[in-house]
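Read-outs: derived from the displayed coordinates by stated rules, not from any lab. As the structure is a computational prediction, the values presented were derived from the model and not from experiment. Counting neighbours? That spans all protein chains shown, and the Cβs are built from the backbone with ideal geometry, glycine included.
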Amino acid sequence: MQAEVTRILEASKIPFELIDIASGETLLEEMRSKTSNPTALPPQIFNNDVYCGCIKAWLKEQSTCPTCRVHALLPEDFPVLPGRRRLVNASASSSS
């Protein structure tokens, strides 16, 4: 999921900062505090300190990036072609 958000922002030439919350408990606590959700998991979208929402929940409702309004889909929203199987990225599925 994070890779998809990054791809959309880069393709739209929107400046962003990617913060690795795994580097310390303080960053995780700060993210959860800003989201008002003690169990929030990344990726979460912020515009400076303004919380824009959980990208997965947002895309399920809106299908557009909350910062740039570019049309975007979750990987599971793409149809599987007949006779094909969906490949699952183990690292991506464990983080979303």
**Prompt:** For R32 and T64 in the same chain, what is the full-extension length gain: residue separation times 0.36 nm, less their Cα-Cα distance, in nm?
**Reply:** 9.2 nm
**Fill in**
The FRET efficiency for F16 and T39, from their Cβ-Cβ distance with R0 = 22 Å and rounded to 0.05, is 0.35
**Where labels lie 7 Å past Cα in the beta-carbon direction, separation of R85 and N47 in nm** = 4.3 nm
